[in-house]
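Bear in mind that the values in this text are calculations on the coordinates, not laboratory data. What you are looking at is a predicted structure, and each value in this text was computed from that prediction instead of being measured. Every residue, glycine among them, receives a Cβ derived from its backbone with ideal geometry; neighbour counts consider all protein chains shown.
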Amino acid sequence: MFNRQPVVAISAEGITDSRLSEKVIPWPAILDIEIREMHRQKFLMLQLDPAFEKTMKTTRAASFFKPLNSAIGFQGHPLNVAGLDASFDDVIDALKSFGTASGKQLD
């Protein structure tokens, strides 16, 4: 009933968000990470390589919400930090640290 694994993990390998997929999204497949805001809540949008995205198995919830998010102008895959143990700034710092080490330039 309760899953003790982290919801979001950021590592040298890539990003894992169990709300999106059970698998790691490797750094080379991440084309861009955008900071977005809606109703004063910040979140991130992951822009993925289309070839990788075609092979990525997403959760039912992610598959359901993707076209709805697109309809309101949010292209990509959301990574929401609400409810996580880390703050938004902590997540950004981890993305910059691991992303830069993996050859990604994150602003």
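Tabulated data for the structure shown
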{"item": "Student exercise, the range 8-100 dipole from Lys, Arg, Asp, Glu Cβ charges, in Debye to nearest 20", "result": "400 debye"}
{"item": "Three principal axis lengths of the chain [C-alpha, angstrom, descending]", "result": "33, 32, 31"}
{"item": "Qualifying chymotrypsin sites (Phe, Trp or Tyr not before Pro) for the range 1-68 [loop in DSSP, other Cβ within 10 Å: at most 14]", "result": "F2"}
{"item": "Ellipticity estimate at 222 nm from DSSP helix runs (n ≥ 4, -39,500 (n - 2.57)) divided over the chain, nearest 500", "result": "-9000 deg cm²/dmol"}
{"item": "Percentage relative contact order, the range 8-100, counting C-alpha pairs under 8 Å, at least six apart", "result": "29 percent"}
{"item": "Loop-located GluC sites (Glu not before Pro) in the range 6-95 whose Cβ has at most 13 other Cβ within 10 Å (DSSP)", "result": "E13, E22"}
{"item": "FRET E, pair N69, T100, Förster distance 30 Å, beta-carbon r, rounded to 0.05", "result": "0.65"}
{"item": "Those residues of the range 9-25 whose amide nitrogen sits under 12 Å from the label point placed on K57, 7 Å along Cα→Cβ", "result": "21-24"}
{"item": "Options G76, W27, S63, ranked by Cα towards positive dipole end of the range 8-100, top entry (Cβ charges)", "result": "S63"}
